[in-house]
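Q: I have a structure here, written as structure tokens, and I will follow up with some questions on it.
The values are calculated or read from the model by the stated rules, or taken from the named source; none is laboratory data. Computed from a predicted model, the values in this text were never measured in an experiment. FYI the Cβ positions are ideal-geometry reconstructions off the backbone, even for glycines, and counts take in every protein chain you see. Just so you know, the surface numbers come from the protein's heavy atoms only, side chains and all, with ligands and any DNA or RNA stripped out. Shrake-Rupley method; radii C 1.70, N 1.55, O 1.52, S 1.80 Å.
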There are 2 protein chains.
Amino acid sequence: MEKNIKLTIEYDGTNYHGFQIQPDVKTIQGEIERCLSLIFQKTIKIYGAGRTDAGVHALEQVANFKHSTDKSTGLLHRALNGLLSEDIIIRSVEEVPLDFHSRYSARNRTYQYTILNRPYSGVFFRDFVYFYRYSLDVEAMNRAAGMFVGTHDFSSFCVKSDDEKNYTRTLVRFKCWRSGDLLISEIEADGFLHMMVRILMGTLVQVGRGKYSFERLGDILKAKDRRQAGPTLPARGLCLIRVGY
Amino acid sequence: MEKNIKLTIEYDGTNYHGFQIQPDVKTIQGEIERCLSLIFQKTIKIYGAGRTDAGVHALEQVANFKHSTDKSTGLLHRALNGLLSEDIIIRSVEEVPLDFHSRYSARNRTYQYTILNRPYSGVFFRDFVYFYRYSLDVEAMNRAAGMFVGTHDFSSFCVKSDDEKNYTRTLVRFKCWRSGDLLISEIEADGFLHMMVRILMGTLVQVGRGKYSFERLGDILKAKDRRQAGPTLPARGLCLIRVGY
């Protein structure tokens, strides 16, 4: 009988060319499919909830695949974690209804972007934060973030691609807060465009530095022109936190 | 005029053979001396407060050195951080009285040991925690830790060396607490013997698993025999947090 298996995956994306499989480079999907194919002794293809870019991390990425063997979820969990290298960990393996699809069934996705904001950088979490030396006004950034909540055309905040016809997304939540030297932003939406979080964050940093006014943010949204927004922040600060179903 | 310079140093010890300089291998001291020698165009030797072992980290290691040039602390700070690789960071550069010696002036040292205690390991802080799968009784461990506070001969909790004549140390504080999936231990003493924190932690883990009784801890101390204590935990969980003067 066919079974549909949901994987919840934690990874350090530093040494990978993103989630999605590509020829000749190391990707998260490629590594997991390689291990599953070893376990099942045949080619297994998984479907991921979101395509994180090179260097982007995940606390709870979701993927699913189908199989028709009697291998238990417990066995799959142990076998996968035994085969994968230490920068990818399967947090859970669950059997789900056959119509579950990690990408199409997803109702929302949450990302965090973390900035180390102090005069000197740090060694401990250097692959997971963007180091920014100059002081940032987190209250202004949080207020600016709130202005993006709602349904908007985010053309100014993405890299366009031929696959994408619709640039409207609904931001459910976008908040910034300080925790010691870290400035953490959390953003939840029904879906994200390519580079969207990193461009939104680059724009918020301009606000935090006092370089963009709140009024300007509205103008940038209306312009539907990527060149109006702030720079794209580096991948290392970005982490896919949760996919909601 | 001669100046005495105090460096406060943060490092990820993963890729180093410890703090202390050794021929033919990469050490923290070796890297800092190499950069200082470039800056001063002559050989500079630094003195560290503690010799952390291979793979051990530091949040605030301290070292000092002397020079007689007009280079300011601000210039030294920027130049060092510009030359050092991203796993070593100079947190501060201060001019201190000429009689200050990072090692001999130190009154106490504080270490943290961090255990990731949950059924599956984690990718994000994997170089900075020891992963332990089975559940640990943190209250028992904290009570056991408290029993070591005070002045004792710690011969059972170290690797002896010919340099060391005196195995008595005074533990000022030794506490364990849980923070989410992390079990953090903090230990402060006037000084530490070789491998002392890692052997004490290996012994506490046996208590946390219910394998050693509280009574047994007293027997181990009295035995003055390394073989009576628990195993040495890995370096990766250990971090020198602070040196007090």
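Q: Restricting attention to region A:62-76, and to residues there that are part of a strand (DSSP E or B) and buried (at least 16 other Cβ atoms within 10 Å of the Cβ), which single residue is farthest from the other protein chains (Cβ to nearest Cβ)?
A: At the first step, the residues of region A:62-76 found to be part of a strand (DSSP E or B) are A:62-67.
When the remaining residues are screened for being buried (at least 16 other Cβ atoms within 10 Å of the Cβ), the result is A:62-65, A:67.
Working: A:Val62: 16, A:Ala63: 16, A:Asn64: 19, A:Phe65: 20, A:His67: 22 Å.
Per the criteria, the residue is A:His67.
Q: Checking B:Gly210 against (1) part of a loop (DSSP other than H, G, I, E, B); (2) in contact with an Asp or Glu (Cβ under 8 Å, 6 or more places away or on another chain); (3) under 27 Å from B:Ala106 (Cβ atoms), which single condition isn't satisfied?
A: (3)
Q: A further question on this structure: Sort out which residues of region A:207-230 are at positive phi and either out of contact with any strand residue (DSSP E or B) (no Cβ under 8 Å at 6 or more places or on another chain) or buried (at least 20 other Cβ atoms within 10 Å of the Cβ) (or both), and write them in order of number.
A: Listed by number, the list holds a single entry, A:Gly210.
Q: Mind checking which residues of region A:117-139 are within 14 Å of chain B (Cβ to nearest Cβ) and touching a Leu at 6+ places or on another chain (Cβ under 6 Å)?
A: Across region A:117-139, the qualifying residues are A:Gly122, A:Val129, A:Tyr130, A:Phe131.
Q: A:Thr52 is checked against (1) more than 13 Å from the chain's Cα centre (by Cα); (2) at pLDDT below 95; (3) polar (S, T, N, Q) and fails just one. What number does that condition carry?
A: (1)
Q: Return yes or no: is A:Tyr111 within 30 Å of A:Asp181 (Cβ to Cβ), modelled with pLDDT under 95 and of a type in the set (Phe, Trp, Tyr)?
A: no
Q: Of all the residues that make up region A:1-19, how many are under 28 Å from A:Asp99 (Cβ atoms), away from chain B (no Cβ under 14 Å) and open to solvent by 10 Å² or more (accessible area, probe 1.4 Å)?
A: Total meeting the criteria: 4.
Q: From the list B:Leu59, B:Leu36, exactly one residue is open to solvent by less than 30 Å² (accessible area, probe 1.4 Å) and either of a type outside the set (Gly, Ala, Ser) or touching a residue at least 40 places away in the same chain (Cβ under 8 Å) (or both). Which is it?
A: The conditions single out B:Leu36.
Q: Give the residues of region B:128-140 that are under 20 Å from the mean Cα position of the chain (by Cα) and open to solvent by less than 40 Å² (accessible area, probe 1.4 Å), sorted by residue number.
A: B:Phe128, B:Val129
Q: What is the residue count in region B:20-54 for residues that are within 14 Å of another protein chain (Cβ to nearest Cβ) and part of a loop (DSSP other than H, G, I, E, B)?
A: Looking only at that region, the number is 1.
Q: May I ask you to verify whether B:Gly208 is closer than 19 Å to B:His57 by Cβ and modelled with pLDDT of 95 or more?
A: no
Q: Return the residues of region B:172-183 that are closer than 24 Å to B:Ser121 by Cα, out of contact with any Cys (no Cβ under 7 Å at 6 or more places or on another chain), assigned to a strand (DSSP E or B) and of a type outside the set (S, T, N, Q); say none if nothing qualifies.
A: Within region B:172-183, B:Lys175, B:Cys176, B:Trp177, B:Arg178, B:Leu182 meet the criteria.
Q: Return the only residue of B:Asn117, B:Asn108 being within 30 Å of B:Lys45 (Cα to Cα), in contact with a strand residue (DSSP E or B) (Cβ under 9 Å, 6 or more places away or on another chain) and open to solvent by less than 50 Å² (accessible area, probe 1.4 Å).
A: Checking each option against the conditions leaves just B:Asn108.
Q: Mind counting the residues in region A:194-211 that are touching a residue at least 24 places away in the same chain (Cβ under 8 Å) and over 11 Å from the mean Cα position of the chain (by Cα)?
A: 12
Q: Would you check if A:Lys165 is open to solvent by 50 Å² or more (accessible area, probe 1.4 Å), away from chain B (no Cβ under 14 Å), free of Cβ contacts under 8 Å to residues at least 60 places away in the same chain and under 18 Å from the mean Cα position of the chain (by Cα)?
A: no
Q: Just the residues that are more than 8 Å from chain B (Cβ to nearest Cβ) and either more than 20 Å from the chain's Cα centre (by Cα) or buried (at least 17 other Cβ atoms within 10 Å of the Cβ) (or both), please, taken from region A:77-96. Step through it out loud before you land on a result.
A: Within region A:77-96, the first condition is being more than 8 Å from chain B (Cβ to nearest Cβ), and the residues that meet it are A:77-80, A:82-85, A:92-96.
Across region A:77-96, the qualifying residues are A:His77, A:Arg78, A:Ala79, A:Leu80, A:Gly82, A:Leu83, A:Leu84, A:Ser85, A:Val93, A:Glu94, A:Glu95, A:Val96.
Q: Answer yes or no: is there a residue in region A:141-158 that is open to solvent by 30 Å² or more (accessible area, probe 1.4 Å), away from chain B (no Cβ under 14 Å) and under 30 Å from A:Asn15 (Cβ atoms).
A: No; the residues of region A:141-158 include none that is open to solvent by 30 Å² or more (accessible area, probe 1.4 Å), away from chain B (no Cβ under 14 Å) and under 30 Å from A:Asn15 (Cβ atoms).
Q: Let me ask you something else. Condition first: free of Cβ contacts under 8 Å to residues at least 60 places away in the same chain and under 20 Å from the mean Cα position of the chain (by Cα). Can you find one or more residues in region A:64-76 that meet it?
A: no
Q: If you don't mind, another one. Checking A:Leu193 against (1) over 22 Å from A:Tyr16 (Cβ atoms); (2) open to solvent by 10 Å² or more (accessible area, probe 1.4 Å); (3) not acidic (Asp, Glu), which single condition isn't satisfied?
A: The failed condition is (1).
Q: Here is a follow-up. Looking at region B:231-245 only, could you name the residues that are open to solvent by 10 Å² or more (accessible area, probe 1.4 Å) and assigned to a helix (DSSP H, G or I)?
A: B:Ala235, B:Arg236
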